[in-house]
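Colleague: Structure below; questions to follow.
The values are calculated or read from the model by the stated rules, or taken from the named source; none is laboratory data. For clarity, every value in this text was computed on a predicted model and none was experimentally measured. No Cβ is skipped: glycine too gets one built from the backbone with ideal geometry, and neighbour counts run over all protein chains shown. Note: accessible area is taken over every heavy atom of the protein model, side chains too, but ligands, DNA and RNA are not part of it. Shrake-Rupley method; radii C 1.70, N 1.55, O 1.52, S 1.80 Å.
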Amino acid sequence: MSAGHLFIVRPLPAAIIAVLIVLGLFSCKAPVIVKKYQPGKPFVYQANIKVNGNFTNEEKERLASRLKSQLDDSMRSRAVSKVFWSVMKNPPVYDSLNADKSILFMRALLISSGYFGDTINYKANTDTVNKNQYRTTINYSVTPGKLVRIDSFAYNIKNAELQKIALANQKDAALKKGEPFAKSNISVELDRLVVLFRNNGYMRFGREYLYGLWDTLDISLLRPSLDPFEQLEILQKIKERKENPKANLEIRLRPGTDSSKLRKYYVGNVIIYPDYTLDTISKKRKEEIVKGVKVISYQDMFNARILPQNIALHHGDLYDQRNYFNTINQFNKLGAWRLVTIEQNIRSGQDTSDFVVKLTPAVKYSFTTNFEASQNQTIVSGNLFGLGVNAGVQNRNFARAAIQATTNIRYGVELGNQFVQSQQASFSHNIYFPKAIPAVKWIPERNRNNIRTIFSFNAANTDRKDLYRLSTVNASWGYEYLRNIPGTTKQIQLSWKIPNIEYSTLNKRDSLQRLIDRNPALKNIFTDGFISSTILAVTFTNTKEKTPHILSASLELPFIAGLIPSQFLDKELYKYIKINTEYTKLLKIKKSSFVFRGFAGVGYALNSTVNPQKKNALPFFKQYFAGGPNSMRAWRLRRIGAGSVVKDFGENPDRFGDVQLEVNAEYRFKLATIAGTKIESAFFTDMGNVWFLKKNAGSPEEVFNINRLGKDLAIGVGTGIRIDFSFFLIRLDYAYKAKDPSPDPTNAASQNKWFYDWRLLKGQLQLGINYPFKL
């Protein structure tokens, strides 16, 4: 029962009808009510921009949006969406001078984007709503001029060393032949050169020392010629220039630049104040030299030995701005300091700079408590309404080494027809070391700083009324690597737990034992046991604006314990291989988007497992399940599968398996914005199921068979409403079983029948928090 888990609610006719009514109302165009306008005077009701020319529809929409942002403030009118209408307050009075001023702003944008010689005009139409309300709509017609492109680009920097650096890195230039002659591209290139020079020792170099010189005229066209054929050739070139305008551009060093700005600097002394505050001067000062770095402390809050390893500025090295920012980022990443600053102190008349690192400590401890009302989605607890309390403490400077440590305790109950149906108490403690332990010197330093070591310990006790009591202990030692790929929107995250140790004891109650007696295969699932594994996981994330996507995969393998002779391990050890992969992609289209998600997971119990009860299937707390707010939404949690079996849910309350396949698709679209809160809807479909993998684990209908895939797949369709409060999102989804391969015996006739006995109020209502997928 965690805060991110969700309610699962049975369909209520009144709620469903309300959802459908709201969807119908939002699908109509909401009327606009205008308040506090000046009677008898035309006011700005709407401003539209139409882009003309040889552009694609997408290019026209993008350019029109940029041009609209250039409208003068007095030409903007905003209507605030309410539930069933929109309200416009204090609309500005229409003035043609402001409309003309907006043309100047739009023209400036076009020129900065490389469009010269545009044509912009507008028409203002006023409609009379009543005796004194005059709504004015301004329609701009914009025809951009020819897009000027770069014909040639060169560096002409009157400094041999800077010119050499620029030419050596020209392949990375933001300006290239044939690209638009746009102000933004030139600006990016100037910024790139400044960073490049600073990375090569020119610490004091600034953008103001560079400028671009350009012309659009080929000088050869001005040369006089008496040859009539040559004159015709020149006229043809002039015509081609008009049809395909081009520009020549040079980046130059501004004359008169201070020579001190053109000097290379080297790193001198590095001094660190690890506990710097405003009142440090009044406290006793302690100085020590650690690995060539002077550490000056006042409160002895940090072990000085941990500080030099986070500094990328080394005595005697040529100054590199990347090392400057890497040092700042490394200390910020540790979380033990709330403010990190580095002062550059240039020695008078020398090419050396000393660096003073001032670190202001963050509050060492932070405490959190929260109360939950949620639905548990773990495999070891029931499908019931739950209440829970969490309490946690974070130590940002564990062992005086800027190590993060978190401790959490939790207690929760699930309530049902007989009041308390399930109780769960848990304790967790995690320590995050900001480096690899033990040290791995063969990894390059730039990657070494992106590694952290994680020790985790968890203990939990789950008591499910009349079924079982499950006690679990888990400990792991692992590594995490996180890196943003420079110059891209891509990120890679790697994690490796070695080892991951788990031990679970299951105390079966009479109800569960009777269930196992009626279904002998369940004895291979409801077992306790010992797990020793290693888990490798990788996640690739691309935050590209229009098409973000996430690909993740994980692999869990047995680790060492199976090689150790032991009667305890022979009886308790689970040995299995488990592989998961998931891909999610979002496609943004105007005010709507498509989301696609695919998941595949398989767990295989190895035959080398000694205990015969642990050979046929994974333990139930490691198996897959489907249904609920984040999976197959037309089914309740764990009420689908396995395969196309028909079983009584009274005898088999939960369904799970060793294989899961699932594909989801959503079309999301915005409905309105109410007081800054976004309201949107979605149409979706879910397709998938869970299966056993080995024949001995269940009946043939429950075991995965590629030839039965079409029959075994469950399909659900639905719609919903989402209310986005920015920091979290409330989601209400209503889904219907389009194809159900595993109904209970009372509905056996519906098996794999499309929309069998379809009724509007026969679907499943799901209430959840946030989107069902990662995007």
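Colleague: All but one of (1) over 23 Å from residue 256 (Cβ atoms); (2) in a strand (DSSP E or B); (3) open to solvent by less than 60 Å² (accessible area, probe 1.4 Å); (4) not acidic (Asp, Glu) hold for residue 155; which doesn't?
Modeller: For residue 155, the failing item is (1).
Colleague: Report every pair of residues separated by at least 6 positions or lying on different chains whose Cβ atoms are under 7 Å apart, first residue within the range 463-476 and surrounded by 19 or more Cβ atoms within 10 Å (Cβ to Cβ), second modelled with pLDDT under 85 and β-branched (Val, Ile, Thr).
Modeller: Note: pairs meeting the criteria are 470/380.
Colleague: Go through the range 186-199 and give me each residue that's free of Cβ contacts under 8 Å to residues at least 24 places away in the same chain and either of a type in the set (D, E, K, R) or over 18 Å from residue 165 (Cα atoms) (or both).
Modeller: From the range 186-199, those free of Cβ contacts under 8 Å to residues at least 24 places away in the same chain are 187-188, 191-192, 194; that's our starting set.
Result: 187, 191, 192.
Colleague: So, one more: Quick one: which strands (runs of 3 or more DSSP E) lie wholly within the range 263-326 and hold at least 2 residues that are modelled with pLDDT of 95 or more and open to solvent by 60 Å² or more (accessible area, probe 1.4 Å)?
Modeller: Numbers: elements: 266-273, 286-290, 293-297.
Correct list: 266-273.
Colleague: Which condition number in (1) of a type outside the set (A, V, I, L, M, F, W, C); (2) open to solvent by less than 70 Å² (accessible area, probe 1.4 Å); (3) modelled with pLDDT under 90; (4) assigned to a loop (DSSP other than H, G, I, E, B) is the one that residue 24 fails?
Modeller: All conditions pass for residue 24, except number (4).
Colleague: Also, I was wondering about something else. Restricting the range 71-84 to residues that are touching a residue at least 40 places away in the same chain (Cβ under 8 Å) and of a type in the set (A, V, I, L, M), which is nearest to residue 671 (Cα to Cα)?
Modeller: Filtering the range 71-84 for residues touching a residue at least 40 places away in the same chain (Cβ under 8 Å) gives 75, 79-84.
In the following step, the residues that additionally are of a type in the set (A, V, I, L, M) were identified as 75, 79-80, 83.
Details: 75: 25, 79: 14, 80: 13, 83: 9 Å.
Only one residue tops the list, namely 83.
Colleague: Pick out the one residue from 658, 654, 648 that is open to solvent by 40 Å² or more (accessible area, probe 1.4 Å) and in contact (Cβ under 8 Å) with a residue 12 or more places away in the chain.
Modeller: Every option except 648 fails the conditions.
Listed here are the residues, each with its yes/no results for (1) modelled with pLDDT under 90; (2) among the aromatic types (Phe, Trp, Tyr); (3) over 30 Å from the mean Cα position of the chain (by Cα); (4) in a loop (DSSP other than H, G, I, E, B).
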{"residue": "715", "(1), (2), (3), (4)": "no, no, no, no"}
{"residue": "721", "(1), (2), (3), (4)": "no, no, no, no"}
{"residue": "730", "(1), (2), (3), (4)": "yes, no, no, no"}
{"residue": "734", "(1), (2), (3), (4)": "no, yes, no, no"}
{"residue": "738", "(1), (2), (3), (4)": "no, no, yes, no"}
{"residue": "753", "(1), (2), (3), (4)": "no, no, yes, yes"}
{"residue": "757", "(1), (2), (3), (4)": "yes, no, yes, yes"}
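Colleague: Here is a further query. Would you be able to say whether some residue in the range 33-51 is loosely packed, with under 15 Cβ neighbours inside 10 Å, aliphatic (A, V, I, L, M) and touching a Ser or Thr at 6+ places or on another chain (Cβ under 8 Å)? Don't jump to the end; show me each part of the working.
Modeller: Here is the first cut: in the range 33-51, the ones loosely packed, with under 15 Cβ neighbours inside 10 Å are 33, 35-36, 38-41, 48, 50.
Next cut, aliphatic (A, V, I, L, M) only: 33.
Okay, now just the ones that are also touching a Ser or Thr at 6+ places or on another chain (Cβ under 8 Å), so 33.
Yes: one or more hits.
Colleague: Specify which of the listed residues (571, 588) is without any contact (Cβ under 8 Å) to a residue 60 or more places away in the chain, under 30 Å from residue 61 (Cβ atoms) and open to solvent by 30 Å² or more (accessible area, probe 1.4 Å). Reasoning before the result, please.
Modeller: Details: 571 fails: under 30 Å from residue 61 (Cβ atoms).
Going through 571, 588 in turn, just one is without any contact (Cβ under 8 Å) to a residue 60 or more places away in the chain, under 30 Å from residue 61 (Cβ atoms) and open to solvent by 30 Å² or more (accessible area, probe 1.4 Å): 588.
Colleague: Just for the range 178-204: of the residues that are basic (Lys, Arg) and closer than 30 Å to residue 346 by Cβ, which one is surrounded by the most Cβ atoms within 10 Å (Cβ to Cβ)?
Modeller: Checking each candidate, the answer is 198.
Colleague: Something else about it: Restricting to the range 678-730, count the residues that are more than 27 Å from residue 751 (Cα to Cα), in contact with a Ser or Thr (Cβ under 8 Å, 6 or more places away or on another chain), open to solvent by less than 60 Å² (accessible area, probe 1.4 Å) and not aliphatic (A, V, I, L, M).
Modeller: So the answer is 3.
Colleague: Still on this structure, I have one more. Out of the range 618-632, which residues are assigned to a loop (DSSP other than H, G, I, E, B) and within 18 Å of residue 691 (Cα to Cα)? It would help to see each step written out before you state the result.
Modeller: From the range 618-632, those assigned to a loop (DSSP other than H, G, I, E, B) are 618-619, 623, 625-632; that's our starting set.
Within the range 618-632, 618, 619, 623, 625, 626, 627, 628, 631, 632 qualify.
Colleague: Still on this structure, I have one more. Scan the range 117-131 and give yes if some residue there is under 16 Å from residue 249 (Cα atoms) and surrounded by 13 or more Cβ atoms within 10 Å (Cβ to Cβ), otherwise no.
Modeller: Looking only at the range 117-131, we keep the residues that are under 16 Å from residue 249 (Cα atoms), and these are none.
No, that holds for no residue.
Colleague: Here is a further query. What is the number of the single condition among (1) touching a Pro at 6+ places or on another chain (Cβ under 7 Å); (2) assigned to a strand (DSSP E or B) that residue 711 does not meet?
Modeller: Result: residue 711 passes all but (2).
Table: residues versus (1) closer than 30 Å to residue 468 by Cα; (2) among the charged types (D, E, K, R); (3) out of contact with any Cys (no Cβ under 8 Å at 6 or more places or on another chain).
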position	(1), (2), (3)
563	no, no, yes
566	yes, no, yes
584	no, no, yes
591	no, yes, yes
599	no, no, yes
625	yes, no, yes
629	yes, no, yes
